[in-house]
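In what follows, a single structure is set out as structure tokens and then discussed.
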Amino acid sequence: MTNNINRILVLAPHTDDGEFGCGGSIAKFIEQGKNVFYVAFSTAEDSVPEGYPKNILELEVREATKILGINPNNLIIYKFQVRRLNYVRQEILEELVKIRNEVKPDLVFIPSPNDLHQDHYTVAIEGMRAFKQISILAYELPWNNITFHTQSFIKLEECHLLKKIEALTAYKSQQGRFYANEEFIRSLAITRGTQISARYAEAFEVIRWVIR
Ligand SMILES: [Zn+2]
């Protein structure tokens, strides 16, 4: 089903959301020779933990996406203010339209429209607007989802999961978060894998699916 999909765009409100939501799938797509683009909307300079430089998340996302195998030229970083993305939703939409015309993706990953974080929700909604004619899958961030529909799955192998864990480990400044640990990432992959009798998987909501 992914034979016609060659250009994949991942929308991450904050720098590590894409890795949490679909890092294993990114590693799998790269292994299959697909062209993956990653857009981060905020480097969250206002919420960097004490002792780190303000641009730490920019440095960390460069490292993490490199680990997943994303070409550095395919990484687009915006500096919108964290927790304020809804204030600039029109600017974000206009940037997404530019990205749509430049990248011409076949498949777009967005946060779930059921995500409670205002920044995640904004990127989900504007992503749906900008890419309404293209296949869209929405990734889960369980600590922000009350409802999540596991409608689609991407099966992962150990090597993909290891890349995801390694990429998330690159976020040294974020290691204090309760979900930023290998045990949780592995457990979720096992849970999603169990739903499709595979060892590991990532699950997605189907927002739009286009077969060309
Ligand atoms: Zn986030």
Determine ³J(HN,Hα), in whole Hz, for all residues of segment 142-157 in sequence, where each value follows from phi through the Karplus function 6.51 cos²θ - 1.76 cosθ + 1.60 and θ = phi - 60°; x replaces Gly and Pro. x, 6, 10, 10, 7, 10, 8, 8, 7, 8, 8, 9, 10, 6, 10, 9
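What number in nm² do you get for segment 59-98 if you take the convex hull of its Cα atoms and divide its surface by four?
Numbers: hull surface 14.1 nm².
The Cα convex hull of segment 59-98, projected and averaged over all directions, gives 3.5 nm².
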Could you work out how far the C-alpha centroid of segment 120-140 sits from that of segment 143-207, in angstrom? 19 Å
Beta bridges per DSSP with both ends in segment 2-85, % antiparallel, nearest 5: 0 percent
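Using the membrane-span-like helix rule (whole DSSP H runs, Cα extent along the own axis of at least 15 Å, mean Kyte-Doolittle hydropathy at least 0.5), which helices of the chain qualify? Don't jump to the answer; show the numbers that get you there.
Values: long enough: 17-31 (21 Å, 0.14); 56-68 (18 Å, 0.52); 89-103 (20 Å, -0.59); 118-130 (18 Å, -0.49); 158-169 (16 Å, 0.12); 182-195 (20 Å, -0.34).
Result, helices passing both filters: 56-68.
Using just the helices of the chain, give the 222 nm mean residue ellipticity in deg cm²/dmol: DSSP H runs with n ≥ 4 each add -39,500 (n - 2.57), and the total is spread over all residues, rounded to 500.
Details: 6 runs with 82 residues, N = 212.
That comes out to -12500 deg cm²/dmol.
What is the dipole size for segment 166-212, taken about its Cα centre, with +1 at each Lys and Arg Cβ and -1 at each Asp and Glu Cβ, in debye to the nearest 20? Could the numbers behind the result be given before it?
Values: 7 positive and 5 negative charges, 34 e Å.
Charge dipole of segment 166-212: 160 debye, to the nearest 20.
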Taking every DSSP beta bridge that has both residues in the chain, what percent is antiparallel when rounded to the nearest 5? 35 percent
Looking at segment 105-166 from every direction and averaging, what is the projected area of its Cα convex hull in nm²? 5.2 nm²
Across all Cα atoms of segment 1-110, Rg and the largest Cα-Cα distance (Dmax), in Å, are 14.1, 46
If every Lys and Arg gets +1 and every Asp and Glu gets -1 at its Cβ, then about the Cα centre segment 22-76 yields a dipole, in debye to the nearest 20, of 340 debye
Distance cut-off 30 Å, Cα to Cα: go down the list LYS28/LYS172; LYS132/LYS172; LYS28/LYS104; LYS66/LYS98; LYS66/LYS155; LYS132/LYS164 and report the pairs above it. LYS132/LYS172
What order, most packed first, do the peptides 164-175, 138-149 have when packing is the mean number of other Cβ atoms within 10 Å of each residue? 164-175, 138-149
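Taking the Cα centre of segment 37-173 as origin, sum charge times position over the Cβ atoms of Lys and Arg (+1) and Asp and Glu (-1), and report the length of that vector in debye to the nearest 20. Could the numbers behind the result be given before it?
On the way: 16 positive and 18 negative charges, 51 e Å.
Using Cβ point charges on Lys, Arg, Asp and Glu, segment 37-173 gives about 240 debye.
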If I take the Cα coordinates of the chain and project them onto the principal axes, what are the three extents in Å, biggest first? 43, 37, 34
The Cα extents of segment 55-138 along the principal axes, largest first and rounded to whole Å, are 29, 29, 22
So for the chain, taking the charge dipole from beta-carbon charges (+1 Lys/Arg, -1 Asp/Glu), which of PHE41, TRP143, PHE178 sits furthest toward the positive end? PHE41
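None of the figures in this text is laboratory data; all of them are computed from the coordinates on show. These numbers were taken from a predicted model, which means no experiment stands behind them. As a convention, Cβ positions derive from the backbone with ideal geometry for all residues, glycine included, and neighbour counts pool all protein chains shown.
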